[in-house]
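Shown next, in structure tokens, is the structure this report addresses.
The values are calculated or read from the model by the stated rules, or taken from the named source; none is laboratory data. In this text, all values refer to a predicted model and were calculated from it rather than measured experimentally. Cβ: placed from backbone, ideal geometry, glycine included. Neighbour counts: every protein chain shown. Accessible surface is based on the protein model in full, side chains and every heavy atom, while ligands, DNA and RNA are left aside. Shrake-Rupley method; radii C 1.70, N 1.55, O 1.52, S 1.80 Å.
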Amino acid sequence: MSELTADAGPHGYSSGKEDYLKRLRRIEGQIRGLQRMVEDDKYCIDILTQVSAATKALQSVSLGLMDEHLRHCVSQAVAEGGTTAEDKIREASDAIARLVRS
């Protein structure tokens, strides 16, 4: 973990933290449902449909967090300037690359 990700201050998603937690709990329920489907030998296409729904839900959370990061953390670093700004932009670009590859 880089020094940039170890910030102790409030994060961009802090104001929507409860919403993110609710969404993640809902996704957790979807995953448990997928496990039950496999245990119950449900039809492959039905399982794949639910996997797709869970994947889209996680992608939605990822995009929301990325948006919050850009609006809060990156814009704040850019306003401060210097190497911190360059580091935050590189960090965000790396995170976007990871999301695109996944």
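Brief remarks on what is shown
- From its DSSP helices (H runs of at least four residues, each -39,500 (n - 2.57)), the chain gives a residue-normalised ellipticity at 222 nm of -25000 deg cm²/dmol.
- Pairwise FRET efficiency - residue 53 versus residue 100, Cβ, R0 = 25 Å, nearest 0.05: 0.75
- Helix 44-69 axis, angle to the chain major axis (alpha carbon atoms, nearest 10°): 10 degrees
- The relative contact order of the chain comes to 32 percent, based on Cα pairs under 8 Å that sit 6 or more residues apart.
- A simple spin-label model places pseudo-atoms 7 Å from Cα toward Cβ; at residue 62 and residue 26 they are separated by 1.9 nm.
- Modelled spin labels at residue 40 and residue 83, positioned 7 Å past Cα toward Cβ, are 5.7 nm from each other.
- Candidate values (1) 0.91; (2) 1.11; (3) 1.01, label of the one derived for Rg/Rh (Cα atoms, Kirkwood Rh): (2)
- Accessible surface area normalised per residue over the chain is 73 Å², counting heavy atoms of protein chains with a 1.4 Å rolling probe.
- Of all accessible heavy-atom area on the chain, the percent that carbon and sulfur account for (1.4 Å): 56 percent
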